[in-house]
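The values are calculated or read from the model by the stated rules, or taken from the named source; none is laboratory data. The structure displayed is predicted, hence computed values, not measured ones. Neighbour counts run over all protein chains shown; Cβ positions are idealised from the backbone, glycine included. Note: accessible area is taken over every heavy atom of the protein model, side chains too, but ligands, DNA and RNA are not part of it. Shrake-Rupley method; radii C 1.70, N 1.55, O 1.52, S 1.80 Å.
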Amino acid sequence: MKTELKALLFDVDGTLADTERDGHRIAFNAAFDEYGIGWHWDADLYGKLLAITGGKERMKFYASEFLHNQNLPDDFEQLVPELHAAKTRHYTELLSTGAIPLRPGIERLIKEARKENLPLAIATTTTPDNVTALLEHTLGSESPDWFDVIAAGDIVPAKKPASDIYDFALNEMNLAPQECLAFEDSHNGILSSMGAGIPTIITVNGYTRDHDFNKALLVLDTLGEPDRPFTVLQGNAHDHTYVDCALLKKLHSQ
Ligand code: XBP
Ligand code: MG
């Protein structure tokens, strides 16, 4: 017998909102300027750096793989957490201006799931403050409470593509992976969600359109809206034109 759909788990960056190029990247550069270290990540370079999830990990990856650990600021290892705290400050300030909207269909689907008493959770590598800031400035100050679990950042030692953050969220909700659906936007993301055994729906973005999603339940450009249909890139959308709970139940029982 098929299990009932009992929860939806959302990634944040790239899935809830297009935060990377015009959000995180801008905040990293602002922190680099603040500390006068002479680094600048343009949009193309940042796409390559997204191979590594987590801001602190990404800075260390840049230093080792792109700068070959040459001419780094003094005490670089110790500076990374400080730089990252500055980056988080710049990023949350940027979000507070309303600069980054939610992606199409996200608010509608979250509100419909709430009406249907379908539990919600977050599983992300980003810093918890970033999640709260995004939710508060897009869905309102109460909205972090809409999620049974917000699993984020350093709460687990191994970030995506490891499955740890999804394993953590499932454990907190006391649910089996087959009782859930995950929403992701990237290869690292789906490795993590499917590594935890959760069937996954992908909405691609500019940085992830060409990633390998062959194990996904469905790959779309966006979740779509009634007046703004999604484009199906892979899988069967059962003649729906936007993602709602009815479609999710069909996909889940597939
Ligand atoms: C998101 C990330 C994050 C952000 C930065 O990956 O890679 O690292 O870019 O966040 P995913 P912090 O969407 O797969 O969770 O700087 O707060 O670490
Ligand atoms: Mg993501």
Problem set entry | The one condition in (1) outside any strand (DSSP E or B); (2) open to solvent by 70 Å² or more (accessible area, probe 1.4 Å) that A216 fails to fulfil | (2)
For this session: Identify the single condition in (1) touching a Gly at 6+ places or on another chain (Cβ under 7 Å); (2) under 30 Å from R58 (Cβ atoms) that E225 does not satisfy, given that it satisfies every other one.
Result: (2)
For this session: Go through region 12-23 and count every residue that is near ligand 1 (Cβ under 10 Å from one of its atoms) and either open to solvent by 10 Å² or more (accessible area, probe 1.4 Å) or among the hydroxyl-bearing types (S, T, Y) (or both).
Result: 4
Seminar exercise, completed: Subset of region 73-109, residues surrounded by 12 or more Cβ atoms within 10 Å (Cβ to Cβ) and modelled with pLDDT under 95, comes to P73, A99
Exercise. Given the structure, is K159 over 16 Å from the mean Cα position of the chain (by Cα) and either within 12 Å of ligand 1 (Cβ to nearest atom) or of a type outside the set (F, W, Y) (or both)?
Worked result: no
For this session: Identify all residues within region 81-135 that are of a type in the set (V, I, T) and in contact with a Leu (Cβ under 6 Å, 6 or more places away or on another chain); write none if there are none.
Result: I106
Exercise. Among the residues of region 113-126 satisfying the criterion of being open to solvent by 20 Å² or more (accessible area, probe 1.4 Å) and more than 16 Å from ligand 2 (Cβ to nearest atom), which is nearest to D154 (Cα to Cα)?
Worked result: P119
Exercise. Is it true that some residue in region 230-246 is in a loop (DSSP other than H, G, I, E, B), touching a Pro at 6+ places or on another chain (Cβ under 7 Å) and surrounded by fewer than 23 Cβ atoms within 10 Å (Cβ to Cβ)?
Worked result: yes
Seminar exercise, completed: Checking D148, D185, D154, D129 in turn, the sole residue that is acidic (D, E), surrounded by fewer than 18 Cβ atoms within 10 Å (Cβ to Cβ) and in contact with a strand residue (DSSP E or B) (Cβ under 7 Å, 6 or more places away or on another chain) turns out to be D148
